[in-house]
Amino acid sequence: MLIKRTQQRSEIASSGSIAAGLSGQRNGLDRRAFLRRSGLAGGALAALSTLPPGSVRTAKAAMAGPLSSGATVRKSICTHCSVGCTVTAEVLNGVWIGQEPSWDSPINRGSHCAKGASVRELVHSERRLRYPMKLVDGQWTRVSWETAINEIGDKLLEIREKSGPDSVYWLGSAKMTNEGAYLFRKLGAFWGTNNTDHQARICHSTTVTGVANTWGYGAMTNSYNDIRNAKTQMIMGGNPAEAHPVSLQHLLEGKELQKANFIVIDPRLTRTAAHATEYVRMRPGTDIPVLYGIMWHILQNGWEDKEFIRQRVYGFDDLRKEVEKWNPEEVERVSGIPGEQLKRVAKMFATEKPSTLIWAMGQTQKTVGTANVRASCILLLMTGNVGGPGMGANIFRGHDNVQGATDVGLDIVTLPFYYGLAEGAWKHWSRVWEVDYDFLKSRFDSKQIMETPGIPLTRWFDAVTLPKDQVAQKDNVRAIFVQGHASNSITRIPESLNGLKALELLVIADPHPTTWASLSVEAGRKDGVYVFPVATQFECKGSRVASNRSMQWGEQIVKPVFESKDDLEIIYLMAKKCGFADKMFKNIKVENNLPEAEDVLREMNRGSWSTGYCGQSPERLKAHMKNQAKFDFLTMRAPKDDPEVGGDYYGLPWPCWGSPEVRHPGTPLLYNTNLSVMDGGGTFRPRFGIEREEKLPDGTTRKVSLLADGSYSKDSEIKDGYPEFTLASLKKLGWDKDLSEAEMATIIRINSANPDAVSWSLDLSGGIQRVALKHGCVPYGNGKARMNAFGLPDPIPVHREPIYTPRVDLVAKYPTLPDAKQFRLPNIGFSVQKAAVEKGIAKQFPLILSSGRLVEYEGGGEETRTNPWLAELQQDMFIEISPADAADRGIKDGGWVWVTGAENNSRARMKALVTERVGKGVAWMPFHFGGWFAGKDLRGNYPKGTDPIVLGESANTITTYGYDPATGMQEPKVTLCQIAAA
Amino acid sequence: MVCLARFARLVIGTGVLLLLLVSAASPSIAQQVNPTASSVKEQQLLQELNRIQGRVSIPDQRSGVLEQPAGREWREFRNVTLHWIGGIAILGMLAALIIFYLIRGTVRLQSGRSGRTLVRFSSVERFVHWMTATCFIILALSGLNVTFGRTLLLPLVGPEAFSEWSQWAKYAHNYLSFPFTIGVVLIFLMWLAGNIPNKVDVAWLKRGGGIVGHDHPPAYRFNAGQKAIYWIVVIGGGLVAATGYELMFPFYLSGIEGMQLAQVVHATVAMLFVAVMLAHIYIGTIGMEGAFEAMGSGTVDVNWAKEHHSLWLEEENARTGANDVRTQPTAAE
Amino acid sequence: MARMKFLCDADRCIECNACVTACKNEHEVPWGINRRRVVTINDGKPGERSVSMACMHCTDAPCAAVCPVNCIYTTADGVVLHSKDLCIGCGYCFYACPFGAPQYPKVGNFGSRGKMDKCTFCAGGPEADGSKAEYEKYGANRLAEGKLPLCAEMCSTKSLLAGDGEIIAQIYKERVTKRGYGSGAWGWKTAYRETIES
């Protein structure tokens, strides 16, 4: 009775049936399954191909347990970072009853982090929004969807009438599927504004701009899996152990297998740094001096890759001049790193190749973010570490679909797929959407504003509260429609409260009310705020793009709970209310107000030639999910002979050229000339002209080619650099004969006046791409990467001190850029920096404040702080402070402190974590907390029953002014603060 | 099969890759920093501190103790040492008492009953005594069950019944600890005055309390033996109460080591306490004629007082006069 | 016969807490009960290492030895399980356990303990395999379905290994040989009285 199991077992044992069971044939674990489950599979432990016989546990005849029997298995993608882990769900009677490891996924091989292992709770959470609500006289009141949509639509149309379409801000999300994000951008276009943005602004906008301006596309060049090939891994400005934990499986295994160098450069000794072979502590905000310091040693010792630079790089001499300024003494003076250590790092990085450089928010979230990532790219170019296995800029993005949402153009500077905002781009999309260009133009205030980038989300409250004449559009922003974006991840929260108060309408569409709701009540709003319950991504189907550009199709695991609606349905309802749904959904099937995701993807396929999103049909993506197990763990490629996915790289990482019928396998490593294009090879993209006129010191000029010199991808019929393909260039090569009649007809239809000008990216037939591929050429051409990115504010990266720096002595030599008007708003960074120096802010606030991620939470954190399994693990907002600084201030570990900031008399109350993790003079906060403001608990401001379990002060209550001139990126990674015991 | 082939390919592929890498490895690899050279080591930490502790983010800081092999020593105490202590103390005391009884028999009133009695313990005193005693017996039995039940009782009654009984015993042990503790405190206060050791006790002890032969050393209200019991109750009771509460409110007062130590003290003191109480019960019942009624009815025969507490009787007489109103004739015998 | 063990490779563990939430998810473990936890030693200092810890399913389990009601037992797989029907919540197993594995829900007044709860190696309890009663008291029984504990299966870096002791020891040894370092199998000496030579 008591120990039934043991009794049973011993009975079995005595009757000898254990021996029979040992054969492992009975639904139990076979040997391979065991190895896999023990974490053994994968190449590393090849020696273990034979196991001691009989050591594998025998499962008893599998129990058809009454609990999970009959459950169906559905696969989707984890929503918490960009690694792209497959989530395997067991569903019974419409209820998600369990999660199983996703062994077949070549990305996560069964693994998850704390967030991924607990996503089931997100769907079943008791604290989710259940139905639409609005604020009436300061009380949250239930309304029906119909009423809410009607009231909101009427108000929006009224604002549009009075103030023009740009007065409505459409803030979308990296949490949406590609289809959702694409439709949200399209909604903005049909509404008539470029004020459409999402989290990439505050995450990797500087990467996208900086990297694309260097070599063509602003994305991670390689993949998480490929890092296994690196001999030197350098992580600078990232803490993947907490932000991308499953990536560490690849990083650490790679480190072990290759006996690789694992260099971490960071102001904090992070959980990642704990595994480093070389840890370099730097002062926050000195990335460029550090990178130049490394390059100085490389050039000094001749470790640069001269042949690579000659063939594939433009502007090396200009760069050299800047690097020469950064001798070890100056680097140490500015960054605090001794020259010997950087010499060691430089040697490893330049000589123990392949080397990869990994970064995240540590480089991007600065006023010099674009320049930072440019300097990183330059280091890779200098050492010839781009375009091969184990190399590259491995840029770890943040959200599950931030890469995708960026690609589909949920952005202020471009239409989908980086076509930009020029007339040609609008005409291209009007052809894809099959609407009149003139209709689209009529939706905007003017053609000029239609082609002008919108307002970055980092400045939304400035756009609301600044005097009207400082906002370069018809009127201030007066309404904001937020679908899936936190407010506490945006800097300068005290000032955002003024914006929240001044808005006429605020719509929050999210599974949780978020800090938009609690802070707007705190700001004194009594009405004009709506909250919509949105389904989590596990209740929707669609495609998501992981950081490595692999696109994965997620199934709907369960139907939207309560009254929640799919993102796509909400977008459709808004379009319908605003009166343009017929035009906007002309080619998309809509059932019960829900647009079909597959159809949306097909429309994207038809228009996304520029980025190679054209080959990833829903059918191909679904086949990949079904055949996950067939893809190799290291190369991510399926065997060539497979009938469904033969030869494909997992997730068809973009660019996946041509139409789906071309069966391009995707491009696992960008710019890899060692492969032929049809095997995923490529070249640098000549995106900035084919030659440039350079001024020489003697006043004369010369023309320098921007095309590659003697370098080309394998099997290319053109054995040198070449520009992008157009009908004209095909004709010149005599390849136009390869175009079919139908293709030719389409090309002529696109530009009947001048068909020769139709390029690979505008040709809706895909013919030009198909022909280029046929001849082994890359459709976008073969150019040089730019060390000198003319056109950017700093064509060669220049060190500039943060707006709020403790090193006021360096400001004169390294000031931030002058004030200017950017993105319809003034950027007064220079004035702010000057005033801070003059007022002696650094004396009052002597500690550098930086911010970052915790493994348990994500983003603004409302969703994860609502999940009890995660919330239990981090129950208090805290600030890390060094023992020396704590001792000076009488602060005890675990004690309460007040943190005060350099602007707006900001203050926040939290716990102190006294640790050597941060150096003296540096403090660090996690940015996921919210629901407190200036020491006040705002729990009561949430609609009843929807408050997250854990609340706390937001780091951004303390953060300050500072915007990257090229992208509008904020500066939450470096500011100043003071800490006092509470 | 496809899977197997894939696996094999992976194995071969990795092998080839490794070969390539080994051949390409540059000599500087040998100088690579060994990241574990500086990392914390389990054995070293255990040797230094005999426990390994770190940081956890959950508020339950006791979970920050990663390893505490000290549990092993505690286990040895609980499963071996304590059994010996308990066994020797309790069985030894029982054996001693039986032998003593067989030799000495009940200590009779030498001069017989006088028929006159004298109040020894008030009703309040008796109530406190019996409350404490009852609690003690239940606490002792339920406590002994924790130590010896698994060996002695479980095989007899089976696991379900034993668990059921043990569960109730645990509740009883926890809840009766409160009246017991109150009792100990009251005993301490009530009888403190009569239990301060003095010279008479030395003489009394020298004469062995008169336990051997028919000697009757003089004593005040409490003789040295009784004083010993008093102090054992007060100190022992205090100790078991204090350590018991520490165990009952886990982690309020101490960490795991403190609780292990508390359990050691609690169990050891309790075992000895039980043994001593056996002697106390013996002498108060079958061991001595006329003793039980002191706590029973609260009165004792004057002759009993004369024999065992001569000085106390004198005091009482001096205080109230020879014809003390409080001395009453016993009921007709 | 297989002898189930856990092994945490501290050189791989990054304190991502996947094991912790996987456990919560699989067994619906309530707030305040932590069957598994990750402890970081030398937090924030050079040499920092994290170790994921739960019941190690010791050889000659101390908890079983000291249990006054004998409710803890070792299965044929070497998994240490207990009966909540028999447990009286006395706390003795917690004093004896070297790894702080036993957990007690707070019930009633003054912090008194409810029935002990701990890691089951995803093997349920004495009730019928896969039964509702078993799930409610002990959580899922993956072992009976031929699966290993979810914490190890979902470990982000394959740091936490679960399975037959000989095999996981061999996996660990292979790793150490390949990479050239290893800080040892934490807790093995205490739990199993053996170490893995590296």
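Read the figures in this text as sums done on the coordinates, not as results from a lab. Remember, predicted model here, so these are calculated numbers, not experimental data. Ideal geometry is used to build each Cβ from the backbone, glycine not excepted, and the neighbour counts take in all protein chains shown.
Assorted remarks:
- The phi-based Karplus calculation (6.51 cos²θ - 1.76 cosθ + 1.60; θ = phi - 60°) puts the 3J(HN,Hα) values of segment B:294-309 at 4, 9, x, 8, x, 10, 10, 6, 4, 5, 4, 5, 4, 6, 9, 9 Hz, whole numbers, x for Gly and Pro.
- Mean silhouette area of segment A:679-779, derived from the convex hull of its C-alpha atoms and averaged over all directions, reads 7.8 nm².
- Helical segments meeting 18 Å axial Cα length and Kyte-Doolittle 1.0 threshold in chain A (DSSP H): A:369-382
- Using C-alpha pairs below 8 Å separated by at least 6 residues, the relative contact order for segment B:71-329 is 37 percent.
- Percent of Cα-Cα distances greater than 22 Å, calculated over segment C:4-192: 45
- Net charge dipole, chain A: roughly 1380 debye, given to the nearest 20, about the Cα centre with Cβ charges of +1 for Lys and Arg and -1 for Asp and Glu.
- Within chain A, percent of DSSP bridges classed antiparallel, to nearest 5: 55
- Annotation: for a label point projected 7 angstrom from Cα along Cα→Cβ of A:Glu694, residues of segment A:285-322 with backbone N closer than 15 Å are A:309-322.
- For segment C:3-14, Karplus couplings with θ = phi - 60° (6.51, -1.76, 1.60), whole Hz, Gly/Pro x: 10, 6, 9, 10, 9, 10, 7, 5, 7, 10, 5, 10
- Calculated [θ] (222 nm, deg cm²/dmol) that DSSP helices of n ≥ 4 give over chain A, each run adding -39,500 (n - 2.57): -8500 deg cm²/dmol
- Unpaired by the 4.7 Å Cβ criterion, cysteines found in chain A: A:Cys81, A:Cys203, A:Cys377, A:Cys540, A:Cys578, A:Cys614, A:Cys656, A:Cys777, A:Cys977
- Sequence-distant contacts, meaning Cα pairs under 8 Å at least 6 residues apart, place the relative contact order of chain A at 15 percent.
- Each of A:Met361, A:Trp103, B:Gly143 was scored by the projection of its Cα onto the charge dipole of the protein assembly as shown, and the greatest displacement toward the positive side belongs to B:Gly143; charges sit on the C-beta of Lys, Arg, Asp and Glu.
- In the calculated pair-distance distribution of the protein assembly as shown, the portion above 56 angstrom amounts to 32 percent of the Cα-Cα pairs.
- Only Cα pairs under 8 Å and 6+ residues apart enter the sum, and on that basis the relative contact order of segment A:613-657 stands at 43 percent.
- Per-residue shielding of A:278-287, expressed as the average number of other chain Cβ atoms within 10 Å of the residue Cβ, stands at 1.
- Residues B:Gln110 and B:Ala318, FRET efficiency given R0 of 25 Å [Cβ-Cβ distance, rounded to 0.05]: 0.60
- Free of any GluC sites (Glu not before Pro) that DSSP assigns to a loop and that have at most 13 other C-beta atoms within 10 Å, the longest stretch within chain A is A:127-433.
- Separation between Cα centres of segment A:756-779 and segment B:82-133, rounded to whole Å: 109
- Angle in degrees between helix C:18-27 and the longest Cα principal axis of chain C, rounded to the nearest 10: 30
- Look at the stretch B:48-61: the mean tally of other chain Cβ atoms within 10 Å of its residues' Cβ atoms is 6.
- Shielding by partners, peptide C:61-70 (average Cβ within 10 angstrom, other chains): 6
- Look at the dipole of chain A built from charges on Cβ: of A:Ala982, A:Val208, A:Leu171, the Cα furthest out on the positive end belongs to A:Ala982.
- Distance between the 7 Å Cα→Cβ label points at A:Lys834 and A:Asp137: 5.2 nm.
- Packing here is the average count of other Cβ atoms within 10 Å per residue, and on that basis the peptides A:845-852, A:199-206, highest first, run A:199-206, A:845-852.
- Using 0.36 nm per residue and subtracting the Cα-Cα separation, the extra length available between B:Tyr175 and B:Ala95 on full extension is 25.6 nm.
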